[in-house]
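This report concerns only the one structure given below.
A short reminder: the numbers here are calculations on the coordinates, not readings from a lab. Computed from a predicted model, the values in this text were never measured in an experiment. Cβ coordinates were reconstructed from backbone atoms using ideal geometry, including for glycine residues, and neighbour counts include every protein chain displayed.
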Amino acid sequence: MSRVPHELSDYIIDFLHDNPKALGACALTSPSWLFASRFHLFRALSLDGRARVRSLQRLLHAAPDLGLYVRDLAVSKLSTDSLRKHLVPVPSAIDHNVETTFPRVLALLPALRTLTISHTDMNCLGALDSLPLSSVASLSLSFCQFSDFADVVDFVGRLPTLSALSLSGLTWKDERRAPHAIPLPALRTLALGRDLDLEHIFEWLAAAGVHEHLTSLKVRCANAHDADLVGPFLAQAGTSLRELDLDWSFTGDQTILLPDSVSLGDCTALSALSLRFPVHYSAHLPWVAALLATLAPAPQPLRSLACDIRLLGNIDAAFDWPALSAVLASEAFAGLEALRFAVHLWPGVHRDMGEVAALVRAGLAPLDKRGLVHVAKA
């Protein structure tokens with residue numbers, strides 16, 4: 001029987017990357033297929049609850065070399081109460097207490113690059129300063145509870161190779177310890193989502209010098225106070241920012257103005273800008289044109305502008321289209337290559353996508369004639 005070259009068998013197995021059952025069969029077929037099969041089987045793991053954490057510990061205890069394949073790890077739904085409830089001590093080499101199990105699991109993942117933790121009481125992970133995280137480059141924390149805000153700062157500060165950070169829904173019980181902000185010189189991408197105390201977060205990030213090297217920022221503003229906090233950080237980070245994504249989730253049927261503290265004037269290296277916002281029933285949004293008007297001409301002009309709109313009302317009445325068109329015709333947007341509108345049509349909006357697209361194209365007719373305007377249903 002002729003043998004299939006390794007290069008060809010690996011290439012074939014790559015096509016099965018999203019089929020765990022087939023990959024498992026390949027791993028059992030031939031020793032020469034084992035590496036490629038394990039590469040896809042263990043590259044990204046998701047542990048939902050304490051039982052999955054203990055299962056992974058048992059697997060790694062039996063075959064530690066499997067940890068070398070893991071690049072992405074997501075854990076969720078871990079809490080101190082649920083972990084301790086109904087636990088029965090069992091004599092075993094495997095520790096059933098996740099507060100000690102999780103650090104041991106991480107210690108067996110030396111190539112881990114992405115760590116995602118969600119809906120978790122961080123106290124159940126044991127002493128946070130004992131977690132081996134030196135290889136992690138991307139960290140996402142969402143809806144996690146800490147004992148103290150300083151614990152958030154300490155946890156993130158222990159990642160020397162961190163280049164991407166995403167935070168949302170973080171809470172903490174106390175603020176007894178003064179946080180010691182460790183510099184994060186490798187951090188380039190930052191995403192700040194919903195339900196965050198932005199005042200504490202921005203104070204920490206500024207102290208850690210994040211603004212000096214940041215190239216991509218995504219942040220959500222739910223009110224004018226949030227916007228007032230974002231403005232100064234934009235001024236600090238502006239010269240290094242290449243990509244900016246602003247989620248302007250102001251609610252209500254009202255006229256929404258641009259706060260005086262918010263400007264793109266310092267964003268001299270910006271190449272891509274995304275704006276996300278709702279259009280309520282009687283809302284008027286002069287802040288959009290006002291924000292764009294603050295962008296100054298730069299040697300490397302803005303290339304891409306995207307608007308992600310949750311449409312609940314009248315898009316034609318929400319904007320001052322002549323003012324918006326005039327701003328986009330200014331020198332600051334001379335290098336614009338695409339203006340994209342992604343529209344979420346909410347129930348009750350008495351227009352179809354064809355009508356919405358026609359209104360946008362008519363409002364921005366000069367840019368549409370240049371082939372820059374793209375409108376699509378999100």
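The table that follows gives values for the structure above.
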| quantity | calculated |
| --- | --- |
| Which of ALA224, SER249, THR29, positive extreme of dipole for the chain (C-beta unit charges) | THR29 |
| Lysines with Cα under 29 Å of LYS377, excluding same-chain neighbours fewer than 8 positions away | LYS218, LYS369 |
| At most 15 other Cβ within 10 Å, DSSP loop - chymotrypsin sites (Phe, Trp or Tyr not before Pro), segment 278-378 | TYR281 |
| Cut-off of 10 Å, at most 15 other beta carbons, DSSP loop: longest stretch of the chain lacking such GluC sites (Glu not before Pro) | 1-174 |
| Sequence-separation-based contact order of the chain, relative, with Cα cut under 8 Å and 6+ spacing, percent | 8 |
| Shape category assigned to the chain from the gyration tensor of Cα positions, a/c cut at 1.5 | prolate |
| Dipole in debye (nearest 20) - the chain, about Cα centre, beta carbon charges: Lys, Arg +1; Asp, Glu -1 | 1300 |
| Likely footprinting exposure, ASP148, ASP154, fewest C-beta neighbours within 10 Å first | ASP148, ASP154 |
| FRET efficiency, PHE143 to ILE182 (Cβ-Cβ, R0 22 Å, nearest 0.05) | 0.35 |
| Exposure proxy ranking, count of Cβ atoms within 10 Å, fewest first, for ARG3, ARG158 | ARG3, ARG158 |
| Qualifying chymotrypsin sites (Phe, Trp or Tyr not before Pro) in segment 131-176, DSSP loop, other Cβ atoms within 10 Å at most 16 | none |
| Choice from ARG351, ARG340, ARG50 showing the highest fluctuation, given a GNM over the chain with Cα pairs closer than 10 Å | ARG351 |
| Residue-wise HN-Hα coupling along segment 153-170, computed from phi with Karplus coefficients 6.51, -1.76, 1.60 (Hz; x: Gly, Pro) | 4, 5, 4, 5, x, 8, 10, x, 9, 5, 10, 9, 9, 10, 10, 7, x, 7 |
| Prolate/oblate/rounded label for segment 281-378 (Cα gyration tensor, a/c 1.5) | prolate |
| 23 Å Cα-Cα reach of LYS77 towards lysines, excluding residues that sit fewer than 8 places from it in its own chain | LYS85, LYS173 |
| Dipole of the chain, positive direction: furthest Cα of VAL210, LEU275, VAL75, with charges on the beta-carbon | VAL75 |
| Separation in nanometres of the label points that stand 7 Å from Cα toward Cβ, at HIS374 and HIS344 | 2.0 |
| Relative exposure of THR189, THR255, judged by other C-beta atoms within 10 Å (fewest first) | THR255, THR189 |
| Value at 222 nm in deg cm²/dmol, rounded to 500, when DSSP H runs of n ≥ 4 in the chain each add -39,500 (n - 2.57) | -9000 deg cm²/dmol |
| Global form of segment 207-340, assessed from the alpha-carbon gyration tensor, a/c cut-off 1.5 | oblate |
| For segment 115-178: relative contact order, % (alpha-carbon pairs under 8 angstrom, 6 or more apart) | 39 |
